[in-house]
Each structure stands twice: as structure tokens, then as C-alpha cells.
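Values quoted throughout were computed directly from the atomic coordinates according to the rules given, and no laboratory measurement underlies them. Computed from a predicted model, the values in this text were never measured in an experiment. All Cβ positions, glycine included, derive from the backbone under ideal geometry; neighbour counts span all protein chains shown.
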Amino acid sequence: MLGLISRILGKEDPGSKNVAKERLRLVLVHDRASVSPQLLQLMKADLIKVVSNYMEIDEEGLNISLDRSENAVALVANIPVKKLKRVAT
Amino acid sequence: MSEVIVVTSGKGGVGKTTTTANIGAGLAMLGHKVVLVDADTGLRNLDVVLGLENRIVYDLTNVINEECRLRQAIIKDKRFEGLHLLPTAQTKDKSAVTPESMQKLCTELKEMFDYVIIDCPAGIEQGFMSAVAAAGKAIVVTTPEVAAVRDADRVIGLLESKVGIKDPKLIVNRLRTKMVRSGNMMSVDDIVDILAIDLLGVIPEDEKIVISTNRGETVVDNEHSLSGKAFKNIVWRILGEPVPLLDLQDEGGFLSRLRKFIGLSN
Ligand SMILES: Nc1ncnc2c1ncn2[C@@H]1O[C@H](COP(=O)(O)OP(=O)(O)OP(=O)(O)O)[C@@H](O)[C@H]1O
Ligand SMILES: [Mg+2]
């Protein structure tokens, strides 16, 4: 009953606002990243540092990008590995 | 200490000119000496919004090209003591209006006025770059739509990185409380959350803006309009008074009262 009243009063309706917010969020991830390619460069340098603690990687071949699917943005890193370090466990 | 404030948005038609006119009139009502600079060269609007279109002799490009003195191009408003307009050209070539010429102009205007408010063109091309070049502060206007907020985000990024204007302030214009409540319009909180800048104020969608603009008048001096009150509050905040946000809920309607009664209102 309250559900019906709510719907008449326009509250329960999922509404287009969430769609708008979600689309905006996704588009801004991309906009902001392309506005500052420095950010990706900085991250690349940091990634090399961290990953090099564990394996020898091909720094030249390293490639990172933001990939976008229907409803998510993913940071995709392609890091060619030359050699794994033997880590004492 | 004079201030140069630019009103900008990225997307066109979201309310920059309306905002410039009303903030200017509001500041003048409180006794400040204000000049509004139309930087939308080729698409002159601020003169008609203020009802001053018949009084233009010289414009911004004449001043920049030294075809007249600055004082000759400045028009005194007839309704608000202290309010002035520096119109721009409607037809002429706008290449004269460069970032450097705007900086030179604003340095002179700062000597003469307490507030120099610049109405920026839409877009992020050279017209935008010239309009923002001399500003120390920026107001970014947006509406609760995906495209407008996206463009606002872009402009905020440019202001901060390319122009060196730290913390621009946000105005959300044309908010429709009913649609926000029914979940069909982004709320002010949603927008502020996404853009992550300080909110200067919220202007409701209001017929009174259309009516006053038809007449070449402002709304900020209309005490019976919600948008007028909202602009007044923005003026106080520019002056440094921490005025709370207006309650934009429409009080009257039966449904809104019922909604409050059964606790569905937020
Ligand atoms: N809060 C509001 N309620 C109703 N109408 C509004 C509101 N704000 C602006 N408008 C109307 O929207 C139209 C566009 O406003 P305005 O000219 O101020 O936008 P602008 O950002 O300066 O546009 P441009 O990018 O073309 O310069 C005008 O007709 C104006 O009257
Ligand atoms: Mg305009």
C-alpha cells in the first residue's frame, strides 16, 4: 500500500537520475585521464618501481591504459616479464 | 581591493549571462561599484538582458583598438546606482580581444570599480581564454544535466591547470526540486560530489527569470521570486557572508505536504 502511494508520489520510481550519474561518472574518468596524460605517466613510473621488486620487466614494452566497457572503466596494464625473481618465503 | 570575477561554464545556454547580470545588480544594490564586461564578442547578449541595448555607442573592441576612451564605452545602468556595462561588439572581428588586451583593460577597470565581472562565451576556445585571462576568481555555472556537468568539469580543469585560478566556485542553475525528488534529476549534492568544488549557490528553474529577461530587467531585486532570493544569497556569499542555502522545496502543493506528512520527503 505504501509502495503504491510512494509510486503515485513519485518516490519509488528508480528514476533517470541514477542513469545520469553513472554515465557522468564513467565519462569523467575518461575525460580527466585524457586531460592529464601526466597522471598515467606518473603511475607508470610507480608501477615499474613496485613490480620490479618482484620480477624483471621490460620497461619499454610496458603499456597502461584506461579501458572502457558498457558500465565500467578498468585500468589495464600490459607488463612484459623478462624474469621472475626468487623471493625467499 | 577590487576583484575580477569571470562567469563561465563550458556548455552554452546554461545561464552565464543571467548570472552575471543578477550578481552585478545585486552587488550594486548593496552599494558596490560594479562593471559587467561582456566578453562574448559577436554574440552580444548582456546589453539586452540588462535592457541597455539602445544606449550603446562604443564597445570593448573600440576601446582595445583605441578608437575611443574607456570611459566613453562604459554605460551607466538606469535602475541601479553603481552598476555599469562595458558592452562588446556584435559584428566586428574579435581578433582584437586577446588575453593580453583583456588583462590591460581589467587593470584599468580595477582602478575604477570594486567588482569587475566578466561574462564568458561558451566553449573553451580563444574567446574563453581571453575572457578568463584577467580574472582572479571564477564562477562556474552548470545545470543538472550530464553534458553541462561534463563541460563544467573540463572548464574547472582548464581554469586550475592553464589559467591558474584556484578553487573556482559552482552555481547550479535551473534546478527543479520536483524532478530531483522524483529521482529524475541529479541533485545538487550529486553534482558537488562529482565536481568536487565549493558550491556558491543554487538557482531554481523559475518563470520569473524568463519574464524579467523579456523586459530587460533582473530578478535579484524581486523579493517575491525564489530565483531572486537565490541570487541575493549568492551575492552575500561573494561578499563573504556565510548565508545558508535556500530551501527550494515548493511548500504549497497538496502532494508535497502529503509527502512530508508520511515522511517521504528528503
Ligand atoms: N533559472 C532559470 N530559470 C528559467 N530560465 C532560465 C534560468 N536561467 C536561465 N534561463 C534562461 O535560459 C536562457 C539562457 O540563459 P543565458 O543567456 O543566461 O545563458 P548563457 O550561458 O549566457 O548562454 P550563452 O552560452 O549562449 O551565452 C535564457 O533564455 C534565460 O532566460
Ligand atoms: Mg551568454
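Given +1 at the Cβ of Lys and Arg, -1 at the Cβ of Asp and Glu and no other charges, the dipole of the protein assembly as shown around its Cα centre is 700 debye to the nearest 20. Other residues within the sphere of radius under 13 Å centred on the Cβ of residue B:50, judged by their own Cβ, net out at -1 (K and R +1, D and E -1). Equivalent ellipsoid of chain B: semi-axes from √(5λ) of the C-alpha gyration tensor, largest first, are 33, 20, 16 Å.
For the range A:34-89, what is the percent of antiparallel DSSP beta bridges, rounded to the nearest 5?
100 percent
Per residue, the convex hull spanned by the alpha carbons of the range A:34-89 comes to 99 Å³. Electrostatic tally near residue B:6: other residues with Cβ closer than 9 Å to its Cβ, Lys and Arg +1, Asp and Glu -1, net 0. Each of B:120, B:106, B:68 was scored by other Cβ atoms within 10 Å of its Cβ. Listed from fewest to most, they are B:68, B:106, B:120.
Which lysines have a Cα lying under 19 Å from the Cα of residue B:166, excluding residues fewer than 8 positions away in the same chain? Answer for residue B:166, where 19 Å is the Cα cut-off: B:137, listed by chain and number.
Residues considered: B:240, B:13, B:157. Largest GNM mean-square fluctuation over chain B, using C-alpha springs under 10 Å, is found at B:240. Computed log10 I(q)/I(0) for the range B:188-235 at 0.32 Å⁻¹: -1.12, from the Debye equation with unit scatterers placed on every C-alpha and solvent omitted. For the protein assembly as shown, with equal point scatterers placed on the C-alpha atoms only and solvent neglected, what are the log10 I(q)/I(0) values from the Debye formula at q = 0.07, 0.09, 0.10 1/Å, to two decimals? Log10 of I(q)/I(0), two decimals: -0.40, -0.60, -0.71.
Taking the DSSP beta bridges with both ends in the range B:3-261, the antiparallel portion is around 5 percent.
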